[in-house]
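The values are calculated or read from the model by the stated rules, or taken from the named source; none is laboratory data. Worth saying up front: this structure is predicted, and the values here are computed from it rather than measured. Cβ placement follows ideal geometry from the backbone for every residue including glycine, while neighbour counts extend to all protein chains displayed. Calculation scope for accessible area: heavy atoms of the full protein, side chains included, ligands and nucleic acids excluded. Shrake-Rupley method; radii C 1.70, N 1.55, O 1.52, S 1.80 Å.
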Amino acid sequence: LMIPLVMEQFLAVLVGMVSSILVANVGEAAVSGVSLIDNIIVLLIQIFAALATGGAVVAGQYLGQKNTTQARNATQQLMWFIGVISIVVMVAAYLGKPFILYRMFGHITDEVRVHANSYLVIVAASIPFIALYNGGAAIFRTMGKSKVTLKVSLLMNTVNIAFGALFVFGLNWGTKGVGVAALMARITSAVVIIALLLSTTEELHLKRTLH
């Protein structure tokens, strides 16, 4: 359980690291801008991972009591809770963009700020998908299926590297390219993990309801 978990967390953070590496072709200002924003994203990844783990503990307790119905209800509530919270955080990121770019980072050059703004506008949209992936991953770990989340993390990074390289080196999108690639990768991971949780063959699965 521990080895896949450590690898999974590393792969989650690796998305931002790859973005910085790929955008190095654009210039130092681009690398600085992307790295500054990714510091915030890494923090959010850890926060959502902690929230998801806390919720999954409740589901795990019910599962240990052989109360599958309550365990599934806890799973449903966790995914809705973390989804709603992440949307609030995303909206706050967009509304607080001036504070982030002009206050939080202190004195940075205008060129770095332009790249940071370009990257932030795109990757902020990935916040709900980061949260949903972490929620789903925590549930699979509760079921003792950490290898599933590891495979999804590998898929996420494959998508990020492939499209990042295409957008940066093939289409010359620069900072926007690595942002779009990271967004696509996180959307992919969230969609896949939720699709897997919708399978009724899983002990803990999501109901196809709006509550």
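Given the options Val148, Val121, Val84, name the one that is at pLDDT 95 or above, within 17 Å of the chain's Cα centre (by Cα), among the β-branched types (Val, Ile, Thr) and farther than 25 Å from Val26 by Cα. So that I can check it myself, show each step before the final result.
Working: Val148 fails: at pLDDT 95 or above; Val121 fails: farther than 25 Å from Val26 by Cα.
Answer to the check: Val84.
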Number of the condition not met by Val15 [criteria: (1) within 17 Å of Ala190 (Cα to Cα); (2) touching a His at 6+ places or on another chain (Cβ under 9 Å)]: (2)
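Collect the residues in segment 55-82 that are β-branched (Val, Ile, Thr), open to solvent by less than 30 Å² (accessible area, probe 1.4 Å) and more than 30 Å from Gly177 (Cα to Cα), keeping them in residue-number order. Write out each step before concluding.
So in segment 55-82, the residues β-branched (Val, Ile, Thr) come out as 57-58, 68-69, 75, 82.
Going one step further and asking which of them are open to solvent by less than 30 Å² (accessible area, probe 1.4 Å), we end up with 75, 82.
Passing the criteria: only Thr75.
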In segment 119-152, how many are open to solvent by 40 Å² or more (accessible area, probe 1.4 Å) and touching a Ser or Thr at 6+ places or on another chain (Cβ under 6 Å)? 0
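Give Thr200, Thr158 a once-over and let me know the one that is under 20 Å from Met79 (Cβ atoms), out of contact with any Lys or Arg (no Cβ under 8 Å at 6 or more places or on another chain) and open to solvent by 20 Å² or more (accessible area, probe 1.4 Å). It would help to see each step written out before you state the result.
Values: Thr158 fails: under 20 Å from Met79 (Cβ atoms).
Answer to the check: Thr200.
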Given the conditions (1) without any contact (Cβ under 8 Å) to a residue 12 or more places away in the chain; (2) of a type in the set (D, E, K, R); (3) part of a helix (DSSP H, G or I), every one holds for Arg72 apart from (1)
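Give the residue that is least open to solvent (accessible area, probe 1.4 Å), with candidates limited to residues of segment 20-54 that are within 14 Å of Ser118 (Cα to Cα) and of a type in the set (Ser, Thr, Tyr). Explain how you work it out, then say what you get.
Residues of segment 20-54 within 14 Å of Ser118 (Cα to Cα): 20, 23, 26, 29-38.
Applying the additional criterion that residues be of a type in the set (Ser, Thr, Tyr) yields 20, 32, 35.
On the way: Ser20: 23, Ser32: 51, Ser35: 41 Å².
Restricting to residues being within 14 Å of Ser118 (Cα to Cα) and of a type in the set (Ser, Thr, Tyr), the top hit is Ser20.
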What number of residues within segment 168-183 satisfy the criterion of being closer than 19 Å to Thr158 by Cβ and either among the polar types (S, T, N, Q) or open to solvent by less than 60 Å² (accessible area, probe 1.4 Å) (or both)? 9
